[in-house]
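The values are calculated or read from the model by the stated rules, or taken from the named source; none is laboratory data. Because the structure is a prediction, the values reported are computed rather than measured. No Cβ is skipped: glycine too gets one built from the backbone with ideal geometry, and neighbour counts run over all protein chains shown. Just so you know, the surface numbers come from the protein's heavy atoms only, side chains and all, with ligands and any DNA or RNA stripped out. Shrake-Rupley method; radii C 1.70, N 1.55, O 1.52, S 1.80 Å.
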Amino acid sequence: MPPLLTHCYASNDTRCNASKAVFDASALLALWNQEDGAEGVVPLLADAAISAVNLVEAAARLALAGIPEAAIRETPALLPLEPVPFDDEQAVQVGLLVQATRASGGCHWAR
C-alpha cells in the first residue's frame, strides 16, 4: 500500500511533503465541537493532513447535526489541514484492512 502520509506532487518539483499527523473525522469534529481531546488536536494542526474520505464523514455529521451548509463549506478552508485525495486503489487497500482491524476493535463499522 502506498504511504498515506507522503504526498508527492506531479510537477517539476521532486520534493515530497510528509505530514506529521493525519486527522480522522473524529479529530476534526472534536475540534469543531470543543470536545474532550480537542486540546490534543490543536498543536498538530500546523502540520496535519486529512483524507477526503474523512472530510466527507465530518461534513455529513455536521449536516446531520443541523449545522448550516455555509459553515460546513468554510470549515476546511479555516483550518491549515492538507486535504489528501483518496483513489480507488487506496479504497481497496483500506477495505482489505477490515480483517486485521476487526480483531483489534479498530473498525467500528465492521463489528
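List of remarks:
- Net lengthening on full extension, V53/D36 (0.36 nm per residue, minus Cα-Cα): 3.8 nm
- Gain upon complete extension [V92, E69; 0.36 nm per residue less C-alpha separation]: 5.2 nm
- Here the 3J(HN,Hα) profile of segment 23-32, calculated from phi with Karplus coefficients 6.51, -1.76 and 1.60 at θ = phi - 60°, is 7, 9, 4, 5, 5, 5, 5, 4, 5, 4 Hz, Gly and Pro shown as x.
- R0 of 30 Å, Cβ-Cβ distance L78-Q99: FRET efficiency to nearest 0.05: 0.20
- In sequence order, calculated HN-Hα J values of segment 81-93 (Karplus, 6.51, -1.76, 1.60; Hz; x Gly/Pro): 7, 8, x, 10, x, 10, 9, 5, 5, 5, 4, 5, 4
- Solvent-accessible surface of segment 22-111, averaged per residue with a 1.4 angstrom probe and all protein chains in place: 65 square angstrom.
- Amide H to amide H distances under 5 Å link F86 with A52, where only residues 5 or more positions off or on other chains count and H is placed in the peptide plane.
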